[in-house]
């Protein structure tokens with residue numbers, strides 16, 4: 001009887017831990033399973049799965065002759081929309097291979113195709129051989145659209161992630177490679193102080 005009670009207590013503790021853990025982070029992709037069917041790209045990018053990572057080969061991102069210089073690649077999550085009022089931070093573990101640093105922008109699209117482009121989050125990423133963690137915190141003021149019309153974006157019904165490399169830098173298009181090892185959602189309190 002004592003052994004059975006111990007087993008039940010352990011099972012309940014495990015369930016409680018799993019529930020708490022799932023409320024503070026959610027893995028979107030770690031590229032360990034074969035297939036990247038949910039990822040798409042525009043003409044400036046080539047995406048492929050290599051050795052447990054997403055390899056994004058970038059050619060002249062920012063060139064105004066390609067998508068007006070706002071080339072994008074992204075992940076469709078329409079099968080299970082995401083509530084960004086609960087997990088509002090995107091963590092991307094990546095490496096940049098290229099001659100210089102570049103900008104990486106992330107926008108979100110809701111179920112009505114409205115995009116968080118009024119107040120986009122843009123991070124500078126540096127080239128190097130080590131993995132770096134980049135955080136995009138979507139506070140309440142980020143859920144606004146300015147183009148093609150002014151509108152509100154629904155934070156409870158997000159269906160797509162849109163990444164832009166070197167967005168709108170028409171004078172200096174960027175070419176290089178980004179490797180993404182992990183892509184997950186967190187609560188904002190998980191962001192290290194030096195990464196905010």
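The values are calculated or read from the model by the stated rules, or taken from the named source; none is laboratory data. Owing to the predicted nature of the structure, the values given are computational and were not obtained by experimental measurement. When we count neighbours, we look across all protein chains shown, and the Cβ atoms used for this are built from the backbone with ideal geometry, even at glycine.
If you check 100, 89 for being farther than 24 Å from residue 157 by Cα and at pLDDT 85 or above, only one passes: 100. Selection within region 76-86: residues that are at pLDDT 95 or above and crowded, with 17+ Cβ neighbours inside 10 Å. The member of this set that is nearest to residue 36 (Cα to Cα) is 82.
The condition of being in contact with a helix residue (DSSP H, G or I) (Cβ under 7 Å, 6 or more places away or on another chain) and either at pLDDT 95 or above or closer than 24 Å to residue 25 by Cβ (or both) holds for only one of 116, 124, that being 116. Note on region 51-67: residues that are touching a residue at least 12 places away in the same chain (Cβ under 8 Å) and surrounded by fewer than 20 Cβ atoms within 10 Å (Cβ to Cβ) total 8.
Note on region 119-144: residues that are within 23 Å of residue 169 (Cβ to Cβ) and in a helix (DSSP H, G or I) total 1. If the condition is being surrounded by 21 or more Cβ atoms within 10 Å (Cβ to Cβ) and touching a helix residue (DSSP H, G or I) at 6+ places or on another chain (Cβ under 9 Å), then region 139-166 contributes 153, 166.
In the set (1) in contact with a strand residue (DSSP E or B) (Cβ under 6 Å, 6 or more places away or on another chain); (2) assigned to a loop (DSSP other than H, G, I, E, B), residue 148 fails one condition alone, (1).
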